[in-house]
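Below: one structure, written as C-alpha cells.
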Amino acid sequence: MAGVFAGLNVCFTGTHTRSRNQLVGIIASNGGVPNTTVTRQTNVLVATQAEYLKPTVKVVSAQKYQIDVVSEQWLNDCIAAQQSLPRASYRWDVS
C-alpha cells in the first residue's frame with residue numbers, strides 16, 4: 001500500500017495533541033500499520049518528552065530493540081511534506 005507511512009509499523013505512548021484514535025487513523029490512512037505494543041517489527045515509537053524522560057514500558061522496549069523514539073512533530077511534518085521524513089532530528093535522545 002502506498003502512502004506517507006507505507007511499510008512502517010508505528011506505535012504511540014503518552015498524551016499527544018491528537019487523540020489515540022486520530023493518530024491510529026492517520027497512520028492507517030497513510031499506508032502504515034499502527035501497533036498497540038512495541039515489538040521487533042515496530043519501526044517508530046511516537047512518544048512525549050515526559051514518557052521518554054521517565055521511560056514507560058514502550059520506551060524501554062523501543063530502546064532495547066533500537067527503535068527510533070520520536071516526537072509527534074515527526075508525524076505532523078511527514079503529513080505536511082507528504083512523505084516519510086528522516087527521523088534523526090525528531091528523536092528524543094538527540095533533541
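The values are calculated or read from the model by the stated rules, or taken from the named source; none is laboratory data. None of the values given here were measured: they were computed from a predicted structure. Neighbour counts are summed over all protein chains in view; Cβ atoms, including those assigned to glycine, are modelled from backbone coordinates with ideal geometry.
Among the residues of region 35-90, those that are over 16 Å from Leu8 (Cβ atoms) and aliphatic (A, V, I, L, M) comprise Ala50, Leu53, Val57, Val59, Val60, Ala80. Within region 20-58, if we keep just the residues that are of a type in the set (Lys, Arg) and either surrounded by 13 or more Cβ atoms within 10 Å (Cβ to Cβ) or part of a helix (DSSP H, G or I) (or both), the residue that is modelled with the highest pLDDT turns out to be Lys58.
Hey, among the residues in region 65-95 that are among the β-branched types (Val, Ile, Thr) and assigned to a helix (DSSP H, G or I), which one's surrounded by the most Cβ atoms within 10 Å (Cβ to Cβ)? Across region 65-95, the extreme among qualifying residues is Ile79. As a summary of the residue check, Val59 satisfies the conditions (1) within 12 Å of the chain's Cα centre (by Cα); (2) closer than 24 Å to Ala6 by Cβ except for the one numbered (2).
Let's see how each residue does on (1) farther than 19 Å from Ala81 by Cα; (2) free of Cβ contacts under 8 Å to residues at least 12 places away in the same chain:
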| position | (1), (2) |
| --- | --- |
| Ala2 | no, no |
| Phe12 | yes, no |
| Arg20 | yes, yes |
| Ile27 | no, no |
| Asn30 | no, no |
| Thr42 | yes, no |
| Val46 | no, no |
| Glu51 | yes, no |
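Kindly check whether there is at least one residue in region 4-18 that is touching a Phe, Trp or Tyr at 6+ places or on another chain (Cβ under 8 Å) and of a type outside the set (Phe, Trp, Tyr). No, there is no match, as no residue in region 4-18 is touching a Phe, Trp or Tyr at 6+ places or on another chain (Cβ under 8 Å) and of a type outside the set (Phe, Trp, Tyr). Taken over region 1-19, the residue count meeting the criterion of being out of contact with any strand residue (DSSP E or B) (no Cβ under 8 Å at 6 or more places or on another chain), farther than 14 Å from Asn76 by Cα and surrounded by 14 or more Cβ atoms within 10 Å (Cβ to Cβ) is 1.
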